[in-house]
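Visitor: To start, I am sharing the structure in question, which I have written as structure tokens.
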Amino acid sequence: MAMKQGEISKVYQASSIEDAIYKTWEESGFFNPDKLPGQRKKSFSIAMPPPNATGTLHLGHAVMLAIQDLVIRYQRMSGAKALWLPGTDHAAIATNAKVEKILKETVNKTRFDLGREAFVQRVNDFIIESQNTITNQVRKMGSSCDWSRQRYTLDAGLSNAVATAFVEMYHDGLIYRGERIVNWCPHCASTLADDEVEYQEEQTPFYYFKYGPVVIGTARPETKFGDKVIIVHPNDSRYQALVGQELEVDWILGKIKARVIADEATEIDMGSGAMTITPGHSFIDFELAQKYGIPIEKIIDEQGKLTAAAGTLAGLDVKTARQKVVEILQSKNLVDHIDENYTHNLSVCYRCGTAVEPLVSKQWFVNVNAPVKKFKGQSLKERSLAVVRNNEIKIIPERFEKTYFHWMENLRDWCISRQIWFGHRIPVWYRNGKAQIANGKSSEEIYVGVSKPTGEGWTQDPDTLDTWFSSGLWTFSTLGWPEQTVDLKTFHPTSLMETGYDILFFWIARMILMTTYLIEDIPFETVYLHGLVRDEQGRKMSKSLENTINPLDTIAKYGADATRLSLIIGTTPGNDVNLGEAKIAGYRNFVNKLWNISRYILMTVENPQTLDQRPQPKTLADAWILAELDLLIVTATDNLDKYNFSAVGEKIYEFTWSKLADWYVEVAKIEKEKDEILCYVLTQLLKLWHPFTPFVTEAIWQELNPAELLIVAAWPQTSAKVDKNVLNDFGLVKDVITAIRNLRSESKIAAGKKIKAIIISKQAKILTPQAEIIKSLARLQDLEIVETGDQPSQALSAVVGGTEIYLPVSDMIDIEQETKRLTAEAQQLNNYLESLNKKLSNKDFVKRAPAEVVKAEMAKLEASREQLAKISEQLKTLT
């Protein structure tokens, strides 16, 4: 029996059902690919980019979760053994800093007051307290990930994988310890990788100093104490006589000896064409120092203070020392001139914003340029480039491949040691005096292994590993590596890595680098990069602008489905998306529309049920809606396979609102006996919407088929060939009805007033059987359809595709008055068009006005022309 009025709420209440539905899914076990119904030969896997264990859900997470859940639900419904593996990241530097801040604020202590063991325990306790917050918030988005396989980057299995990777790469000569220049954050007291350095544009003085026979330029005079080499270009004739000489130069602390070296590192046309080098505080100068065997002197220490190399200025901070150095050189008449308006990019720490100091330090590095035997002499860097160039890994959008190549080609040895306590401890132990070297002097004994060496006197390296080292193993370590597990064989390489384009260098590149080496395979087949979420005006969201949107708030207010749709529809890979509450509210309204369409069908049909067998159409409208649905299924499947998410959402949206709700449901009220087709269309439509809007579709599905969960229903398929004649024929019916409605509206004929229409058309054979539909939906009293005939006088008219439509209106409106009104309106439009044409023909206006203003004026011109044409046509038919 049809459901009684009132059994289903008129308004979809997301907040009252989402948690219950999620609990049902989770308890079903279907998030686990091993428990999915049926024989599933094809596997599909996604390793979720792990959010910080101590973090909270933000819009970046929400986009990621919406897209990945869409993909995994689609693949699960398509018959794949679909695994979405969740996890959290220990986020070493961020978490370490957060707990240090809490310690300072609550008990006024530092980590050094507690000691390493107690501090790390405090951090672990903090994570245990916080970790459930982010995982529960991930659930709020409807994420159908396999919680039974959840991992944490510091859990025992992953810690073993990290240590194993380090040991293997060390013994293969790809990890080494050495003195190299690194990015150092004085505030975090730790090294940073190149891509953890951000840049802030600032205006600062640029100083030109007299250095013997040349003038040199620098923005950092405080680093110049150890500059004892002049570099000139080999082709610079001005300095040919100086090359190879050692000159006595008056400098900051007195007289020094300076060598002159010719190298193409300098540019003839820049400044004086000569430069000195600061090998202890510049990456480029460090390489030059190594090339020419120049001693490297440390001028700035890890606290950001000047060292003993600065003489009487030792201990000063950088800014104070800069002023002092300039004063000293001014007193010696060695300042040539100062440019006060110099703009440069200041290197800052991505975590705390402190100015980064490039300085020489003994650290652990991954050698990205050494030839690797298993790669037939290719380096890690070269292999990482090859897998993308050879299309083993596809990046969407493709333009980011160039960005990846540029970054990877310029990759320096990766500094992987960090001077913090929380994280993966470097698996290296030292013992003094046990190893002998050739000259009989004792040396430090080093042991590198997964577990602590036997014997007394061993001390573990105090440093921890860069978080990105462990994250680089994420796709395979989470599946059990270094053990050769069933999961590893089944789900690796993963199918898709979906993340923000801003993390391409941080993470994607490192996963490729580590995975290709350690398991000699790619980490994923496809990389899909989403853009940043900005506010409605395109601005970056920030607390200072008060324009942030909390996804948890929008879920509570509008529902998870509406939040998901707002982040998917209208977005394209690699491009930023603008988002405001109005957009989310709009999709909440659509979700309610879907609910009400479904509610109408459920309460109208005699026996609501899910139907997968395509019914036989009885009328043109039946054939049309089934053809449109077939076309939609083919289009949606093809585009989801290509990761064109927005295009699919837009197509399903159009079908739902326009084709089903606005047309077929209205026709069904006229033609009756549509139960089978309505149930079939609703069944397939819920399946199509489910990856996008899982909660509302599952709720409706349970009204149709409480014995089965939609989450594991089969994705729609169709073998029917789309009949274009059906689409065209019913398209004509729709166009005729729309044209009549428009004529009524334009002539202000009351909506309730039933009128007569005359249709003259060579396609009368198509339209005549649809007369009742046309009469009802166009609100006609009488309808005459003929193949040929004379144009009636004093009638409103329209032409669609060769079909003439006439509405005799002499008995409904005052023809004379209507003619006067239309004539006056036409005159106003002509005047408006004249002014628009004049404006747009003005070359100065077109040249100087913003492009969007010119575009808007041209759109007004086109719209006005169309309106004038309509009025002119109406005037013809009224006379």
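The values are calculated or read from the model by the stated rules, or taken from the named source; none is laboratory data. Bear in mind that the values here come from a model prediction, so they are computed numbers and not experimental data. When we count neighbours, we look across all protein chains shown, and the Cβ atoms used for this are built from the backbone with ideal geometry, even at glycine. Side chains included, ligands, DNA and RNA excluded: accessible areas come from the protein's heavy atoms. Shrake-Rupley method; radii C 1.70, N 1.55, O 1.52, S 1.80 Å.
Visitor: When the stretch 485-503 is examined, which residues are found to be part of a strand (DSSP E or B), within 20 Å of LEU411 (Cβ to Cβ) and at pLDDT below 95? Working first, answer last.
Guide: Residues of the stretch 485-503 part of a strand (DSSP E or B): 494-500.
Restricting the remaining residues to those that are within 20 Å of LEU411 (Cβ to Cβ) gives 497, 499.
The one that is part of a strand (DSSP E or B), within 20 Å of LEU411 (Cβ to Cβ) and at pLDDT below 95: THR499.
Visitor: Hey, any hits in the stretch 371-391 for a residue that's touching a strand residue (DSSP E or B) at 6+ places or on another chain (Cβ under 8 Å) and part of a loop (DSSP other than H, G, I, E, B)? First the steps, then the outcome.
Guide: Narrowing the stretch 371-391 to residues touching a strand residue (DSSP E or B) at 6+ places or on another chain (Cβ under 8 Å): 380, 388.
With the extra rule that they be part of a loop (DSSP other than H, G, I, E, B), the set shrinks to none.
No.
Visitor: Kindly state which helices (runs of 4 or more DSSP H) lie completely within the stretch 675-757 and contain at least 3 residues that are open to solvent by 40 Å² or more (accessible area, probe 1.4 Å). If you could, list the steps in order and put the result at the bottom.
Guide: Values: elements: 675-689, 694-704, 724-746.
Counting at least 3 such residues, we get 724-746.
Visitor: Sort out which residues of the stretch 78-93 are open to solvent by 10 Å² or more (accessible area, probe 1.4 Å) and at pLDDT 95 or above, and write them in order of number. Talk me through it step by step, then tell me what you get.
Guide: Taking the stretch 78-93 as the starting set, the residues that turn out to be open to solvent by 10 Å² or more (accessible area, probe 1.4 Å) are 78-79, 81, 89, 93.
Answer for the stretch 78-93, where residues must be open to solvent by 10 Å² or more (accessible area, probe 1.4 Å) and at pLDDT 95 or above: SER78, GLY79, LYS81.
Visitor: While we're on this one: Would you call ALA47 modelled with pLDDT under 90, hydrophobic (A, V, I, L, M, F, W, C), within 24 Å of ALA509 (Cβ to Cβ) and buried (at least 22 other Cβ atoms within 10 Å of the Cβ)? Give the steps one after another, and end with the answer.
Guide: Numbers: modelled with pLDDT under 90: no; hydrophobic (A, V, I, L, M, F, W, C): yes; within 24 Å of ALA509 (Cβ to Cβ): yes; buried (at least 22 other Cβ atoms within 10 Å of the Cβ): yes.
So ALA47 fails the test.
Visitor: Right, something else. Looking at ASP227, ASP269 in this structure, which one is surrounded by fewer than 16 Cβ atoms within 10 Å (Cβ to Cβ), modelled with pLDDT under 90 and of a type outside the set (A, V, I, L, M)?
Guide: Numbers: ASP227 fails: surrounded by fewer than 16 Cβ atoms within 10 Å (Cβ to Cβ).
That would be ASP269, the only listed residue that is surrounded by fewer than 16 Cβ atoms within 10 Å (Cβ to Cβ), modelled with pLDDT under 90 and of a type outside the set (A, V, I, L, M).
Visitor: Where in the stretch 787-879 are the helices (runs of 4 or more DSSP H), entirely inside, with at least 2 residues that are under 30 Å from PRO769 (Cβ atoms)? First the steps, then the outcome.
Guide: On the way: elements: 815-840, 843-848, 851-878.
Those helices (runs of 4 or more DSSP H) span 851-878.
Visitor: Looking only at residues in the stretch 348-367 that are among the charged types (D, E, K, R) and open to solvent by 40 Å² or more (accessible area, probe 1.4 Å), which one is farthest from ARG412 (Cα to Cα)?
Guide: Keep residues of the stretch 348-367 that are among the charged types (D, E, K, R), which gives 351, 357, 362.
Applying the additional criterion that residues be open to solvent by 40 Å² or more (accessible area, probe 1.4 Å) yields 351, 362.
Numbers: ARG351: 21, LYS362: 16 Å.
By that ranking, first place goes to ARG351.
Visitor: Residues being in contact (Cβ under 8 Å) with a residue 24 or more places away in the chain and assigned to a helix (DSSP H, G or I): count how many of those fall in the stretch 758-771.
Guide: Kept after step one, since they are in contact (Cβ under 8 Å) with a residue 24 or more places away in the chain, are these residues of the stretch 758-771: 758-763, 766-767, 769-770.
Keeping just the survivors that are assigned to a helix (DSSP H, G or I) gives 766-767, 769-770.
Within the stretch 758-771, residues that are in contact (Cβ under 8 Å) with a residue 24 or more places away in the chain and assigned to a helix (DSSP H, G or I) number 4.
Visitor: Restricting to helices (runs of 4 or more DSSP H) lying wholly in the stretch 504-587: which have 1 or more residues that are out of contact with any helix residue (DSSP H, G or I) (no Cβ under 9 Å at 6 or more places or on another chain)?
Guide: Numbers: elements: 509-518, 551-558, 560-568.
Because the criterion is at least 1 residues that are out of contact with any helix residue (DSSP H, G or I) (no Cβ under 9 Å at 6 or more places or on another chain), the helices (runs of 4 or more DSSP H) in the stretch 504-587 that meet it are 551-558.
Visitor: Can you tell me which residue is most open to solvent (accessible area, probe 1.4 Å) among those in the stretch 368-408 that are within 30 Å of ASN575 (Cα to Cα) and of a type in the set (Ser, Thr, Tyr)?
Guide: Among them, the one singled out is THR403.
Visitor: Those residues that are hydroxyl-bearing (Ser, Thr, Tyr) and either surrounded by 10 or more Cβ atoms within 10 Å (Cβ to Cβ) or in contact with a helix residue (DSSP H, G or I) (Cβ under 9 Å, 6 or more places away or on another chain) (or both), I need them from the stretch 836-879; list them, please.
Guide: Let us first name the residues in the stretch 836-879 that are hydroxyl-bearing (Ser, Thr, Tyr), namely 841, 864, 872, 877, 879.
Result: SER864, SER872, THR877, THR879.
Visitor: Here's another thing I want to ask about it. I'd like the full set of residues that are part of a loop (DSSP other than H, G, I, E, B) and either modelled with pLDDT of 95 or more or under 20 Å from the mean Cα position of the chain (by Cα) (or both), limited to the stretch 54-76. Write out each step before concluding.
Guide: Filtering the stretch 54-76 down to residues part of a loop (DSSP other than H, G, I, E, B) leaves 54-58.
Listed by number, the residues that qualify are GLY55, THR56, LEU57, HIS58.
Visitor: Here is a further query. Taking the conditions exactly as written (within 40 Å of the chain's Cα centre (by Cα) and at pLDDT below 90), does GLU302 satisfy them or not? Explain how you work it out, then say what you get.
Guide: Working: within 40 Å of the chain's Cα centre (by Cα): yes; at pLDDT below 90: yes.
Against the criterion (within 40 Å of the chain's Cα centre (by Cα) and at pLDDT below 90), GLU302 qualifies.
Visitor: Something else: Could you pull out the residue among LEU518, LEU532, LEU513 that is farther than 22 Å from GLN150 by Cα, of a type in the set (A, V, I, L, M) and open to solvent by 20 Å² or more (accessible area, probe 1.4 Å)? I'd like the intermediate steps shown before the answer.
Guide: On the way: LEU518 fails: open to solvent by 20 Å² or more (accessible area, probe 1.4 Å); LEU513 fails: open to solvent by 20 Å² or more (accessible area, probe 1.4 Å).
Answer to the selection: LEU532.
Visitor: Could you check how many residues of the stretch 94-121 are in contact (Cβ under 8 Å) with a residue 24 or more places away in the chain, hydrophobic (A, V, I, L, M, F, W, C) and open to solvent by less than 60 Å² (accessible area, probe 1.4 Å)?
Guide: To start, the set of residues in the stretch 94-121 that are in contact (Cβ under 8 Å) with a residue 24 or more places away in the chain comprises 94-99, 102, 111, 116, 119-120.
Going one step further and asking which of them are hydrophobic (A, V, I, L, M, F, W, C), we end up with 94, 97, 99, 102, 119-120.
Now drop any that are not open to solvent by less than 60 Å² (accessible area, probe 1.4 Å), which leaves 94, 97, 99, 119-120.
Of the residues in the stretch 94-121, 5 are in contact (Cβ under 8 Å) with a residue 24 or more places away in the chain, hydrophobic (A, V, I, L, M, F, W, C) and open to solvent by less than 60 Å² (accessible area, probe 1.4 Å).
Visitor: Among the residues of the stretch 99-119, write down those that are closer than 19 Å to ARG425 by Cα and within 33 Å of the chain's Cα centre (by Cα). Talk me through it step by step, then tell me what you get.
Guide: Let us first name the residues in the stretch 99-119 that are closer than 19 Å to ARG425 by Cα, namely 99-100, 111-112, 114-119.
VAL99, GLU100, listed by residue number.
Visitor: Just to verify a result, which residue in the stretch 135-167, among those that are assigned to a helix (DSSP H, G or I) and in contact with a strand residue (DSSP E or B) (Cβ under 8 Å, 6 or more places away or on another chain), is farthest from TYR74 (Cα to Cα)? Full working, then the answer.
Guide: The initial filter retains those residues of the stretch 135-167 that are assigned to a helix (DSSP H, G or I), namely 135-140, 147-149, 156-167.
If we keep only those that are in contact with a strand residue (DSSP E or B) (Cβ under 8 Å, 6 or more places away or on another chain) too, we end up with 135, 149, 157-158, 162, 166-167.
On the way: THR135: 22, ARG149: 20, GLY157: 30, LEU158: 29, VAL162: 33, PHE166: 38, VAL167: 40 Å.
Filtering first and then ranking leaves VAL167.
Visitor: Has the stretch 405-427 got at least one residue that is acidic (Asp, Glu), assigned to a helix (DSSP H, G or I) and modelled with pLDDT of 95 or more? I'd like the intermediate steps shown before the answer.
Guide: Going through the stretch 405-427, the residues acidic (Asp, Glu) turn out to be 409, 413.
Now drop any that are not assigned to a helix (DSSP H, G or I), which leaves 409.
After this cut, where a residue has to be modelled with pLDDT of 95 or more as well, the list is none.
No - not one qualifying residue is present in the stretch 405-427.
Visitor: Before we move on, is LYS669 on the phi < 0 side of the Ramachandran plot, free of Cβ contacts under 8 Å to residues at least 12 places away in the same chain, among the basic types (Lys, Arg) and in a helix (DSSP H, G or I)?
Guide: Answer is yes for this residue.
Visitor: Out of everything in the stretch 11-40 that is more than 13 Å from CYS145 (Cα to Cα) and among the polar types (S, T, N, Q), what residue ends up being farthest from the chain's Cα centre (by Cα)?
Guide: Checked the stretch 11-40; the qualifying residue farthest from the chain's Cα centre (by Cα) is GLN39.
Visitor: Take ASN578 and tell me if it is under 20 Å from the mean Cα position of the chain (by Cα), open to solvent by 30 Å² or more (accessible area, probe 1.4 Å) and farther than 14 Å from ALA66 by Cβ. Step through it out loud before you land on a result.
Guide: Details: under 20 Å from the mean Cα position of the chain (by Cα): yes; open to solvent by 30 Å² or more (accessible area, probe 1.4 Å): yes; farther than 14 Å from ALA66 by Cβ: yes.
Here the answer is yes, as ASN578 does meet what is asked.
Visitor: I'd like to check something: does the stretch 486-498 contain any residue that is without any contact (Cβ under 8 Å) to a residue 12 or more places away in the chain and within 17 Å of SER43 (Cβ to Cβ)?
Guide: Of the stretch 486-498, the ones without any contact (Cβ under 8 Å) to a residue 12 or more places away in the chain are 486, 489.
Restricting the remaining residues to those that are within 17 Å of SER43 (Cβ to Cβ) gives 486, 489.
Yes: one or more hits.
Visitor: So, GLU26, is that one closer than 29 Å to MET603 by Cβ, in contact (Cβ under 8 Å) with a residue 40 or more places away in the chain and not small (Gly, Ala, Ser) or not?
Guide: Values: closer than 29 Å to MET603 by Cβ: no; in contact (Cβ under 8 Å) with a residue 40 or more places away in the chain: yes; not small (Gly, Ala, Ser): yes.
It is false that GLU26 is closer than 29 Å to MET603 by Cβ, in contact (Cβ under 8 Å) with a residue 40 or more places away in the chain and not small (Gly, Ala, Ser).
Conditions tested, residue by residue: (1) of a type in the set (Gly, Ala, Ser); (2) at pLDDT 95 or above.
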position: ALA713; (1), (2): yes, yes
position: PRO716; (1), (2): no, yes
position: SER719; (1), (2): yes, no
position: ASP723; (1), (2): no, no
position: VAL733; (1), (2): no, yes
position: ARG741; (1), (2): no, no
position: SER747; (1), (2): yes, no
position: ALA751; (1), (2): yes, no
position: LYS754; (1), (2): no, no
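Visitor: What about ILE597, is it of a type outside the set (Phe, Trp, Tyr), modelled with pLDDT under 95, assigned to a helix (DSSP H, G or I) and within 23 Å of ILE652 (Cβ to Cβ)? Give the derivation first.
Guide: Details: of a type outside the set (Phe, Trp, Tyr): yes; modelled with pLDDT under 95: no; assigned to a helix (DSSP H, G or I): yes; within 23 Å of ILE652 (Cβ to Cβ): yes.
No: the conditions fail for ILE597.
Visitor: Do you know which residues across the stretch 600-626 are open to solvent by less than 10 Å² (accessible area, probe 1.4 Å), part of a helix (DSSP H, G or I), under 30 Å from ILE766 (Cα atoms) and hydrophobic (A, V, I, L, M, F, W, C)?
Guide: At the first step, the residues of the stretch 600-626 found to be open to solvent by less than 10 Å² (accessible area, probe 1.4 Å) are 601-602, 605, 615, 621-622, 624-626.
Add one more test, that the residue is part of a helix (DSSP H, G or I), and what stays is 601-602, 621-622, 624-626.
So of that shortlist, the ones also under 30 Å from ILE766 (Cα atoms) come out as 601, 621-622, 624-626.
ILE601, ALA621, TRP624, ILE625, LEU626, listed by residue number.
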